[in-house]
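First the structure, in the form of structure tokens, and then the observations on it.
Every number in this text was worked out from the coordinates using simple rules, so none of it is lab data. Just so it is clear, the model here is predicted, and its values are computed rather than measured. Backbone-built Cβ (ideal geometry, glycine too); neighbour counts: all protein chains shown.
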There are 2 protein chains.
Amino acid sequence: AQQRILTHNEVNHHPKLILTQKGVAEIKSKLGSIPLFDTSLEEAKAEIDAEIRLGIEVPIPKDLSGGYTHERHKRNFLMMQKAGVLFQILEDDTYAKYVRDMLMAYAKLYPTLPIHPQERSYARGKLFWQALNDSNWLVYTSQAYDCIYDWLSKEERDVLENDLFRPFADYISIGNPQFFNRVHNHSTWGNVAVGMIAVVMDDAELLDRALHGIKDDNLPKGMRDDDGGMIKKEGQKVGFYGNLDEPFSPDGYYTEGPYYQRYAMYPFLIFAQALQNVKPELKIFEYKDGVLLKAVNALLNLTDVNGDFFPINDAQKGMSYYSRELVTCVDIAYYYGGQNPELLDIAQKQNRVSLDDTGLSVAVAIKEGKAKPFVKKSIELRDGQMGDEGAIGILRSDDLELVFKYAAQGLSHGHYDKLSFSLYNAGQEVLQDYGLARYVNIEQKGGGNYLKENTTWAKQTIAHNTLVQNETSHFNGNYETGSQHHSEKYLFDVEDKNLQVVSAIEENAYPGTKIQRTMALIKDADFENPFVLDIVKVNSATSNNYDLPFYYLGQLLQTNFKYETPKTLTQLGDSNGYQHLYKEGFGISDGNNTSFNWMLDNTFYTLTSVTSKGDELVLARIGANDPAFNLRREPAFIIRKKDKKDAIFVSLLETHGSYSPVSELALNAYGQIKNIRVILNDEAYTAIEITSKNNKKWLFAMANNNSSDDGQHQLYINDTTVKWEGPFVFKPIN
Amino acid sequence: AQQRILTHNEVNHHPKLILTQKGVAEIKSKLGSIPLFDTSLEEAKAEIDAEIRLGIEVPIPKDLSGGYTHERHKRNFLMMQKAGVLFQILEDDTYAKYVRDMLMAYAKLYPTLPIHPQERSYARGKLFWQALNDSNWLVYTSQAYDCIYDWLSKEERDVLENDLFRPFADYISIGNPQFFNRVHNHSTWGNVAVGMIAVVMDDAELLDRALHGIKDDNLPKGMRDDDGGMIKKEGQKVGFYGNLDEPFSPDGYYTEGPYYQRYAMYPFLIFAQALQNVKPELKIFEYKDGVLLKAVNALLNLTDVNGDFFPINDAQKGMSYYSRELVTCVDIAYYYGGQNPELLDIAQKQNRVSLDDTGLSVAVAIKEGKAKPFVKKSIELRDGQMGDEGAIGILRSDDLELVFKYAAQGLSHGHYDKLSFSLYNAGQEVLQDYGLARYVNIEQKGGGNYLKENTTWAKQTIAHNTLVQNETSHFNGNYETGSQHHSEKYLFDVEDKNLQVVSAIEENAYPGTKIQRTMALIKDADFENPFVLDIVKVNSATSNNYDLPFYYLGQLLQTNFKYETPKTLTQLGDSNGYQHLYKEGFGISDGNNTSFNWMLDNTFYTLTSVTSKGDELVLARIGANDPAFNLRREPAFIIRKKDKKDAIFVSLLETHGSYSPVSELALNAYGQIKNIRVILNDEAYTAIEITSKNNKKWLFAMANNNSSDDGQHQLYINDTTVKWEGPFVFKPIN
Ligand SMILES: [Ca+2]
Ligand SMILES: [Ca+2]
Ligand SMILES: [Ca+2]
Ligand SMILES: [Mg+2]
Ligand SMILES: [Mg+2]
Ligand SMILES: [Mg+2]
Ligand SMILES: [Mg+2]
């Protein structure tokens, strides 16, 4: 007989999972008086009423994502979840019948289904091509079932549980241990799906399976999934707790990056809410020092000014905190996380709330005028279970946001992009991270799945604004090697908001080569906007070629160097992503600074770089060897230093001026920099001199071996002794 | 002695040019009570007060546009004009002194100036590199002078008139007859500059020169400017009236296109306002059936939903009805053109008004709530002095705007683009006209002037969505030949807003070849949005290769044909613009329809085309032979029919569905068309059958030799007789 979660005498009353009997009573008492809740409810009602008019369709599974049966089953679970909620709040049987009839159709279909006919996944579902999507279905459908549980007859419940829910939960867990017993956002969905239905059905064994995984999965150690991701590591903790422990850092950063964190946060938080409702003694929101609530804060800080997530690792651009998952996140974080009034600012922008206790509390607080602006500051989000595996460092100053990645590999969705960065101006990408090579759910493009260019291009090092050695990717593009390492933070200092500096070291990407990148975002009255100072210091035991690309967006206006443009375009290299770049232009440095001036969105940009005589300057464009036009034809400027053991790349990026196509006025179209120069670069110190066009000079100097705040330093530069305390200094030297 | 404009006894009171004594009194009486006027005044005051604090600078002329001295002198005249107005309205001597001091500085500098050192123009100025810009200066400065005229002493006026204004007016007219005595927007500025200062100084001879040109200019007939534009045609009428007669059609379309019309409208209208003030007997606003007022209406209709002008001929994208010139246009058109309340809608969007009688009247009417929505409808704007030289036909339906050009050459800024079109969806270009190859006032790009790629690319036929024969441009790219011809309208019928059709014929672009293009914008309940049907019918005496390009913007998703992508990119052809295209992909039709599906701005598009076995399908990209990166790397899809005398290109463009990167839902990502087929195509009739995926069929048929509305037609098609009245029919045939 089934082991119950409830104690002996308790009755299995519903709703209990996300909605509660008490919560529903509270909602009903306030209906019509809380604007944001009322409009969210009206929207859901309008959507579901229209859907009910169209009738129920439960087709035989056939398609990949983007195709009809996939999208239909996906829509079905979203509709059932909302219909269940509407039944609870509005007490209208129409909604309960809709859910029941659809569930009964599924209960009739499910036992007849073979494994899904599409063979692309390492863990195929039955309704969908991946067990992942089957799990999505169960996470939402459990909520619908919970809402109509008491309204159904015992006989109806027996049919649903015996023919549908139990076999469904078993199939995605015991039937697919390689999916269920893993640390991966997909597995989290599987765990939570089983946990949610366990709570509704009051099944202790299933709940235990959800929380702790399958006891004996017989999976071979070192097994991998179809795109090379590790499935099972020796001694790995699995289940919901396993997925909570390992991928989240103490700062709430999720190692796969914000795009997948957004995707994973829904099951994490919705299940946490359920656990808080039925097993408050677990204190799930306090687990690991409140990591689930910190994760919401981390996610919100990983967005640009428009709310778009920074596209770290595999990530489709445009995903944002306006997604339905983030509505849930924000409402739950507000309710369970101490009612932070800044979250109300985001909720206002989202302009809808969850139809439960958490959404009601947000809507009430907004009505009461409690919202305060959510101000994003510079922040370091450490990676790794213990927070000691590098970090994402975000520097913010005025309209600029600089995202610097010195984190761990990021599981199977990670890119080989150690010490890469991207830059945003008022939400516009200026120096981009390419993102992924995928058109999610657009069937025309490979069924909406990962395209092969994701591996051959998007993950490769050359696809990023970071150093490439000898045209190979970091860790030779080997996932297993990459997963064993992470970059090391050297310093992250944003105390002085006019002089924010982050610096990190990578010693494993290319064995024998040490790379230290230091990025400063400096605000000075002599410059119209804050500028970026970028120092990449390379030391190697062997001679190598080094490439440093800048994936600028916009229209090239002017360079201060001569370049040839070839008559025919050929690929820049043979492999590791280079085969996807065309060589559009080629110049050689005369030893002076290289200046690269462009325009984007009616703003001007100038990148000034220290180059040595003979350094190669490549103008490249993405798109070679792209037979299906999967890649965007976007440009890059690459600085190449050849046959060097040690090298230093120093660049200064200015944002300046404006252009109006209406007034046709160009203001401040040129940068302010006359010259930058490396004064000193040795094992202990690096010093850069910056000269502006009006002949002001500044010194940026740093200690390379002592990041302590109270270290005392001095250098003898230009016949003067410069002294400072702490790891770096920036000062005028005229 | 100077001949006066005023009669013997009249005193030369000021202001009289744009502001009038009566008008100023009216403005003063209403100050503080008319919001839009008050804020416009405050903005001007804030701008001028800041400028006065910075002090006066009148540098020695040196730079091209974009450079310091150019921009400084340009800013000076704009500032003086506003300061003059502020002096009149606010009666604060500060503004008069500012204007006087600056004018005196110019009076001191001007006599010392040689011709401008930059040698690029065929008519160099003294303050600026072109006499054009000197004329701009005088048009604005005359207004400033008028405002402080009475406040100055006789001695001061004598200095200004003798040392500055008279020599200035003479230099841009008698000193540059090749500029002044011409029909061209530049010349209009010259004429008006002389006319404006004539009115202020009360000089009848100068006014006559402005209105009718220089009597004997000794210019050789057939002379050309530095970019090939014709200067003097035999027997040409010149001066202000000459420029009013020839380039404007009876519909108010200006043959150079809206970008230059916008530029020319300011001098046309501001001088018309002056003439109305001082010589109302000329009835200038009634001249040529009110063409100046019709021109404002034409201009506003030549904008997309955002107010951006369609980039016809040489035109920089982004110029819009928010420009300062259009503020003047709208206010003058409202005041002198019968107070059309729809103009107030545009004025509200512009959110500022002219600081004179016209602006006051607009602001008062807006305050009184008189504004009505400016609704842009489908419209044909005829070209040519008599309106018989073709036209621009604009079809509008829901969010779609189709711009079809079957006009005359468009003077020296014209492109070789007979029967070309562009398509907009909600203000977004979908099938683009490239525009010009120039970065106006961006000094980094060739001083902000026309780039050589404007000639080698932007003007060429292959740069447009129209038919190219044998890889040559229309009229062999010869301006003189092109100027002798225009396309012929066949029909323009927008009576049925669900079936709007325009058709035109070009017989001169390629001698011996007749091209008829018919474009229909059809709204039918079976389609999500209106669709475009495009029929290009070609008949030639000789065998030729025909290319029909579609410059789509966005991301290619899927084609139904196979194509090869070359390993190295080479140019598509050798000349006539083909040298600027890379061949990125190449396929050959198997004789079935060709389907081309792409995404732009989260909307899907599908172009379905009838192709014959062996037709070549080229995926091209702009950017070859572009050594300074002057061109945008944008794509095209080209259908090529080889070695044919007669040919017909039939394409159907659908706009459909949507994608959200936030919900990741793709809706209606595929087109509805299963097949299109040419049923009949002979000298007399063309008939197309359209079949949708749900097997509905429609017939579009047209008579090729009878565009009369009451022509009776019948065809025997698919065992049925189809009868209709008028030139075309569209109907279901299931
Ligand atoms: Ca990346
Ligand atoms: Ca953004
Ligand atoms: Ca054009
Ligand atoms: Mg954004
Ligand atoms: Mg993966
Ligand atoms: Mg020209
Ligand atoms: Mg637009």
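Quotient of the Cα radius of gyration of region B:1-97 and 2.2 N^0.38 Å, N being its number of residues: 1.36.
Of the peptides B:291-297, B:366-372, how do they stack up when ordered by the mean number of other Cβ atoms within 10 Å, highest first?
Details: B:291-297: 23.3, B:366-372: 13.6.
The most tightly packed comes first, giving B:291-297, B:366-372.
Taking other Cβ atoms within 10 Å as a rough exposure proxy, A:380, A:42, B:401 sort from fewest to most as A:42, A:380, B:401.
Fully extending the segment from residue B:376 to residue B:289, taken as 0.36 nm per residue of separation minus the present Cα-Cα distance, adds 29.1 nm. For the protein assembly as shown, the calculated P(r), taken from all Cα-Cα distances in 20 Å bins from zero up to the bin holding the longest distance, is 9, 30, 35, 21, 4, 0, 0 percent.
Could you give me D for region B:504-545, from Stokes-Einstein at 37 °C and 0.692 mPa s, where the hydrodynamic radius is the Kirkwood radius over C-alpha pairs? Units µm² s⁻¹, please. The diffusion coefficient I find is 270 µm²/s. Extension gain, residue B:476 to residue B:562, is 27.6 nm, computed as 0.36 nm per intervening residue step minus the present C-alpha separation.
Shielding value for B:319-326 is 3, the average number of Cβ atoms from other chains within 10 Å of each residue's Cβ. Length gained on full extension, residue B:316 to residue B:237: 25.5 nm, using 0.36 nm per residue less the C-alpha separation. Here the alpha carbons of chain B define both size measures, Rg and Dmax, at 27.7, 92 Å. Spin-label pair residue B:8-residue A:38: with each label point 7 Å from Cα along the Cα-Cβ axis, the two points sit 8.1 nm from one another. 3J(HN,Hα) along region A:657-666: x, 6, 10, 10, x, 8, 8, 6, 9, 9 Hz, from the Karplus curve 6.51 cos²θ - 1.76 cosθ + 1.60 with θ = phi - 60°, whole Hz, x for Gly and Pro.
Here is the tail figure for region B:379-671: Cα pairs spaced more than 29 Å apart come to 33 percent of all pairs. Close Lys pairs in region A:251-376, defined as Cα atoms under 20 Å apart and 8 or more places apart or on different chains, number 10.
In terms of its Cα atoms, region A:277-356 spans 40, 28, 20 Å along the principal axes, sorted from long to short.
Restriction of the trypsin sites (Lys or Arg not before Pro) in region A:471-563 to DSSP coil positions whose beta-carbon has at most 15 other beta-carbons within 10 angstrom yields A:497, A:562. Using only the Cα atoms of region B:222-336, build the gyration tensor, take square roots of its eigenvalues as a ≥ b ≥ c, and label the shape rounded, prolate or oblate: rounded if a/c is under 1.5, else prolate if a/b is larger than b/c, else oblate. Taking the square roots of the gyration eigenvalues as a ≥ b ≥ c, region B:222-336 is oblate. When the Cα gyration tensor is reduced to axis lengths a ≥ b ≥ c, the ratio a/c is 1.5 or higher for region B:390-476, and with a/b not above b/c it is classed as oblate.
Rounding to the nearest 10 and keeping the result within 0 to 90°, find how far the Cα-based axis of helix B:185-201 lies from the longest principal axis of chain B. Tilt relative to chain B: about 20 degrees.
Taking the Cα atoms of region B:381-540, the ratio Rg/Rh between the radius of gyration and the Kirkwood radius comes to 1.00.
Extending 7 Å from Cα along the Cβ direction at residue A:667 and again at residue B:643 yields two label points whose distance is 6.1 nm.
Please give the direction-averaged projected area of the C-alpha convex hull for region A:55-246, in square nanometres with one decimal. Present the calculation step by step, with values, prior to reporting the outcome.
Details: hull surface 43.2 nm².
Across all orientations, region A:55-246 yields a mean hull projection of 10.8 nm².
Starting from the Cα gyration tensor of region B:70-109, take the square roots of the eigenvalues, sort them a ≥ b ≥ c, and report rounded, prolate or oblate (rounded when a/c is under 1.5, otherwise prolate if a/b is larger than b/c, else oblate). Oblate, since a/c reaches 1.5 and b/c is not below a/b.
When you look at the Cβ of every residue in B:662-673, what mean number of other chain Cβ atoms sits within 10 Å? The partial results should precede the final answer.
Working: counts 11, 6, 12, 6, 11, 1, 0, 8, 2, 0, 0, 0.
The shielding value for this peptide is 5.
The phi torsions of region B:632-645, fed into the Karplus equation with coefficients 6.51, -1.76 and 1.60 and a -60° offset, translate into couplings of 7, 7, 10, x, 9, 10, 10, 9, 10, 10, 10, 6, 10, 7 Hz, rounded to whole numbers, with Gly and Pro shown as x. Residue by residue, region B:39-49 carries 3J(HN,Hα) couplings of 5, 4, 5, 4, 4, 5, 4, 4, 5, 6, 4 Hz when phi is fed to the Karplus relation 6.51 cos²θ - 1.76 cosθ + 1.60 (θ = phi - 60°); x denotes Gly or Pro.
Peptide A:550-556 is shielded by partner chain Cβ atoms: per residue, an average of 2 of them sit within 10 Å of its Cβ. Rounded to the nearest Å, what's the spacing between the alpha carbon centres of region A:632-702 and region B:367-390? Just the number, please. Taking the Cα centre of each part, region A:632-702 and region B:367-390 sit 51 Å apart. Only lysine pairs 8 or more places apart or on separate chains count here, and in region B:444-527 those with Cα atoms under 22 Å apart total 5. What are the GluC sites (Glu not before Pro) within region A:196-271 that DSSP puts in a loop, where the Cβ has at most 14 other Cβ atoms within 10 Å? Hits after loop and neighbour filter: A:234. Computed from Cα atoms, the angle from the helix B:258-278 axis to the main principal axis of chain B rounds to 40 degrees.
Amide H to amide H distances under 5 Å link residue B:685 with B:704, where only residues 5 or more positions off or on other chains count and H is placed in the peptide plane. DSSP loop (so not H, G, I, E, B), at most 16 other Cβ within 10 Å: list which trypsin sites (Lys or Arg not before Pro) in region B:201-253 pass both filters. Loop-located and lightly packed - B:215, B:221, B:233, B:237.
Only aspartates and glutamates eight or more places from residue A:16 in sequence, or on another chain, were considered; those with a Cα closer than 15 Å are A:26, A:146, A:150, A:202, A:203, A:356, A:357. Rounded to the nearest 10 degrees, the inclination of helix B:68-90 to the longest alpha-carbon principal axis of chain B is 60 degrees. Note on residue A:155 and residue B:658: with the Förster distance fixed at 35 Å, the Cβ-Cβ geometry gives a FRET efficiency of about 0.20.
Given only helices, namely DSSP H runs of n ≥ 4 each adding -39500 (n - 2.57), what is the per-residue ellipticity at 222 nm of chain A, to the nearest 500 deg cm²/dmol? So the calculated ellipticity at 222 nm is -9000 deg cm²/dmol.
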